[in-house]
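In what follows, a single structure is set out as structure tokens and then discussed.
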Amino acid sequence: MDRRKLLVVAAAIVAALGVVLVLIYAKGADNRAQDKYDTVEVLTATAQINPGESIDQASTGGKLALRPVTRGELLAGYQTATTALAGQVALATIYPGEQIIAGKFGTSAVPVSALPIPDGKTAISISLSDPARVAGFVNPGSEIAVFMSGTAGGQPFTRLLLPKVTVIGVGATAETAAGGASADSAPANTEQLPATLITLAVTQQEAQKILFAQGNGQLAVSLTTGTTKVTPGPATTLANLFG
């Protein structure tokens, strides 16, 4: 076969491949167009569905409706009726416009805490006056050191209780009486000071220390930073106050 015939054959093969590629592209375009315009009637939320609310309650309450959704926008587990989810409840908040999918329903809803409690920690709250909480500058996310003031063996003391604790919430304010009274006298000061609940993320051992200290003395906190040096040490008493 001479060179001219080889060129003709090669050209014919290239042309055939081009036709095949065009047909494949055209078929793909048709499929994409079909996915774009072909729709499915899918259950969607028309009003907020709260965790623990059953699919039946949502349906009876008029919170569900069928709406057309293109195939390209369908979510995994989409539903076209409530039958498959009968008796199940929402596991999380479902907002208006969301598709109803199987993954968001189950047999029971797990309550979600509004507090950002770190893994392995628990939350505990303490009530502090403004001076004891650094005049109100303690906020969620603050790192604090916790101090205890009390009496041991008849002698007053102040000592570091916990060197580093994370604040995860600052709660409601209540009124507490400032000052105190001796056994044979009236209260020396009945001024009302605001006391605020501060919620901390702590371990079990830290929680036990805080509860014991709170029940047997007074707590105060100090704000710390990444460079603050707070270390456990001897208690401050009258004997070493000026030492």
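The values are calculated or read from the model by the stated rules, or taken from the named source; none is laboratory data. Note that the coordinates shown come from a computational prediction; the quantities given were computed from them, not determined experimentally. Positions of Cβ are backbone-derived with ideal geometry, glycine not excepted, and every protein chain shown enters the neighbour counts.
Residue-level analysis places Thr122 among those that are within 31 Å of the chain's Cα centre (by Cα) and modelled with pLDDT under 95.
Is it true that some residue in the stretch 86-106 is outside any helix (DSSP H, G or I), over 30 Å from Ser222 (Cα atoms) and among the hydroxyl-bearing types (Ser, Thr, Tyr)? Among the residues of the stretch 86-106, at least one is outside any helix (DSSP H, G or I), over 30 Å from Ser222 (Cα atoms) and among the hydroxyl-bearing types (Ser, Thr, Tyr), which makes the answer yes. If you go through the stretch 148-157 one residue at a time, do you hit one that is closer than 26 Å to Phe242 by Cα and of a type in the set (Phe, Trp, Tyr)? Yes; the residues of the stretch 148-157 include at least one that is closer than 26 Å to Phe242 by Cα and of a type in the set (Phe, Trp, Tyr).
One residue stands out among those in the stretch 194-243 that are assigned to a loop (DSSP other than H, G, I, E, B) and of a type in the set (A, V, I, L, M): the one that is nearest to Thr158 (Cα to Cα), which is Ala235. Number of residues in the stretch 38-86 that are at positive phi and either basic (Lys, Arg) or crowded, with 17+ Cβ neighbours inside 10 Å (or both): the value is 0.
Thr176 meets the conditions (1) modelled with pLDDT of 50 or more; (2) in contact with a strand residue (DSSP E or B) (Cβ under 9 Å, 6 or more places away or on another chain); (3) of a type outside the set (Phe, Trp, Tyr) in every case but one. The failed one is (1).
With respect to the conditions (1) assigned to a strand (DSSP E or B); (2) surrounded by fewer than 18 Cβ atoms within 10 Å (Cβ to Cβ), Phe147 lacks only one, and its number is (2).
Figure legend. Inter-residue proximity from the stretch 37-59: first residues free of Cβ contacts under 8 Å to residues at least 24 places away in the same chain, second residues assigned to a loop (DSSP other than H, G, I, E, B), beta-carbon distance below 6 Å, spacing 6+ or different chains. Indicated pairs: Ser59/Thr82.
The numbered conditions (1) in contact with a Leu (Cβ under 7 Å, 6 or more places away or on another chain); (2) at pLDDT below 95 are all true for Ile100 except (2). Residue selection: Pro187 fails the criterion of being under 30 Å from Glu53 (Cβ atoms), exposed (fewer than 15 other Cβ atoms within 10 Å of the Cβ) and modelled with pLDDT under 95. Ala81 fails exactly one of the following numbered conditions: (1) assigned to a loop (DSSP other than H, G, I, E, B); (2) touching a strand residue (DSSP E or B) at 6+ places or on another chain (Cβ under 9 Å); (3) more than 30 Å from Asp38 (Cβ to Cβ). What is the number of that condition? Single failed check for Ala81: (3). Consider the stretch 22-75 and keep the residues that are more than 17 Å from Tyr95 (Cα to Cα) and of a type in the set (A, V, I, L, M, F, W, C). The one that is modelled with the highest pLDDT is Val40. Apart from one condition, Ala132 fits all of (1) assigned by TED's automatic domain parsing to the domain that holds Ser149; (2) more than 30 Å from Leu200 (Cα to Cα); the exception is (2).
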